[in-house]
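Beneath this line is the structure, given in structure tokens, with notes to follow.
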Amino acid sequence: MSNAPLEKIIIVGGGTAGWMAAASMAKLLRPGTCEILLVESEDIGTVGVGEATIPQILLFNKLLDIDEDDFIKKTQGTFKLGIEFVDWGALNSSYFHAFGSVGKDMSGVQFYHYWLKMRAQGKAAGIDDYTLSSQACLQKKFMRPIEAGNSPLSNVAYAYHFDAGLYAAYLREYAQSRGVTRMEGKVVDTHLRHNGFIQSVQLESGAVYEADFFIDCSGFRGLLIEQALNTGYDDWSHWLPCDRAVAVGCESVAEPWPYTRSTAQKAGWQWRIPLQHRTGNGYVYASKFISDDEARQTLLDNLDGAPVGEPKLLKFVTGKRKKFWNKNCLALGLASGFMEPLESTSIHLVQAGLAKFMSFFPNKNCDESDVDEYNRQTTFDYERIRDFLILHYCVTDRDDSEFWNYCRNMTIPDSLTQKIDQFKANGRVFRHNGEMFNDLSWFEVMYGQGITPKGYHALVDNMPEEELHKRLEGIKSVIRRSVDHMPTHQEFINQHCRAK
Ligand code: FAD
């Protein structure tokens, strides 16, 4: 095995994951040091969904020096301030998992602890009144953060909704213009070296391409990581039983909202993602509890506007590869595992995988200790997100279908039980080792799903109640005035980034 630097990388797959990998490497690797070839097959196509993101994507765009207005225009994008969850904790309930801060921390204690105390006494309004992003969602307002001192407008946290096909095309143009070579063709075989490393891929045309390193972005089939290397898969469907989705766009009938809506259904949930040219919709469901026909009909019955095209059926098994990086092959995107898009985490996991890969960037021999550490860290990311998703299902009062009865009563991972118990006691949540969702996200979802902690942080009682009341009123009024100052989401788009 050689300890020489990588000279050639082959990326198999040109969906979101493949082109994100190609674009970031084109940007980060010194020109001329490592050739990058991407193979994709138009006949096979991409999964074509994946329209909602989380704020970390701004870092990815920044890394690539992408002009945000240009990007939004070319992907028919809109802005996203959070997700509204409807009918999850109970029928006729709803809450926001909003990006950014909730209230304003006082004396080093999270705002929500003070709020929990006052709310229990009936002396505080709903949490949305103290949360900039939730209020902006409710009023369909948006603006980027501005230099405004202590104002919450300095810290507007946002992400995007975009057309996944246009996003991949955007990155493809970016990567190709920076030296990535694209090859059209179907990979039909993979050849291994004596040490089990991948040596080459063979296309249907008979052409064989060798490389030092391979990135598997071939989607659910996991052409290299699974079919060639037999890496194995951890199946999590006993915790996240949804295994199918039916997706369709529909005509927009109103101005785009600056948020995703997720509505719990009889056997899963339905997403609604507003873009500039249409609204994306899909029903993610458990086939054990509902037929494909019924799911499709439920989706069509719940569209705002006329469907655009035929609904597309997708099948998946929730879980992850036993190794994300195996020998000289890294799996990204759907090839690495799948968790339903309830919190829009898949594209982020591609980004996080790439960021980690760049920090462990290997030589030709792919040192095993680096590979193990990459796998350990990525497993941690996946498991924490998995727990966060399970939370939405297991903390519910819904008993109106077999599906919800299953979810309410299922055994959950110990790591999640511990988080829920700690929150129930005193409203505390700890973020471990930089896990993706912070304490505010956990608070918003746990409280939103219906858990009211028995207590709150002990230091809250140090503040006299009259003072606390005054501060809460002050924060509420600052939030109201800040949102008044924002243009509507549509006005903002019209002014800055309206697609042609
Ligand atoms: P794909 O898009 O499937 O691309 C696979 C590529 O591999 C294609 O180019 C294909 O041609 C190529 N290929 C396959 N086999 C071969 C072969 N033999 N030879 C050559 N090429 C080959 N993520 C989010 O972040 N937010 C969301 O809102 C979201 N919603 C989703 C909803 C659903 C229902 C699903 C299923 C996923 C969703 N995702 C979402 C996940 C997101 O779609 C994917 O993470 C993302 O699109 C990456 O996909 P991919 O590139 O890994 O795979």
The correct count of residues that are surrounded by 15 or more Cβ atoms within 10 Å (Cβ to Cβ) and at pLDDT below 95 in segment 30-40 is 0
Quick test of your reading of the structure: Gln449 fulfils all but one of (1) over 14 Å from Leu116 (Cβ atoms); (2) touching a helix residue (DSSP H, G or I) at 6+ places or on another chain (Cβ under 8 Å); (3) surrounded by fewer than 16 Cβ atoms within 10 Å (Cβ to Cβ). Name the failing condition by number. (3)
Residue under question is Asp235, and the condition is that it be surrounded by fewer than 16 Cβ atoms within 10 Å (Cβ to Cβ) and without any contact (Cβ under 8 Å) to a residue 12 or more places away in the chain; does it hold? no
Going by what's in this entry, would Ala136 be described as more than 16 Å from the ligand (Cβ to nearest atom), in contact (Cβ under 8 Å) with a residue 60 or more places away in the chain and either charged (D, E, K, R) or surrounded by 23 or more Cβ atoms within 10 Å (Cβ to Cβ) (or both)? yes
Looking across segment 201-213 at residues that are surrounded by 14 or more Cβ atoms within 10 Å (Cβ to Cβ) and within 12 Å of the ligand (Cβ to nearest atom), the single one that is nearest to Asp43 (Cα to Cα) is Leu203
Going by the conditions given, is Phe197 surrounded by 20 or more Cβ atoms within 10 Å (Cβ to Cβ), aromatic (Phe, Trp, Tyr) and farther than 30 Å from Ile83 by Cβ? no
Failed item in (1) modelled with pLDDT under 95; (2) buried (at least 20 other Cβ atoms within 10 Å of the Cβ), with Cys242 passing the rest: (1)
List every residue pair whose Cβ atoms sit under 6 Å apart, with the two residues 6 or more apart in sequence or on different chains, where the first one lies in segment 289-303 and is in contact (Cβ under 8 Å) with a residue 60 or more places away in the chain and the second, anywhere, is not aromatic (Phe, Trp, Tyr). Phe289/Ala267; Phe289/Glu402; Ile290/Ala267
Selected residue (only one of Gly249, Gly282 is within 12 Å of the ligand (Cβ to nearest atom) and among the small types (Gly, Ala, Ser)): Gly282
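The values are calculated or read from the model by the stated rules, or taken from the named source; none is laboratory data. These figures come from a predicted structure and were not determined experimentally. Cβ: placed from backbone, ideal geometry, glycine included. Neighbour counts: every protein chain shown.
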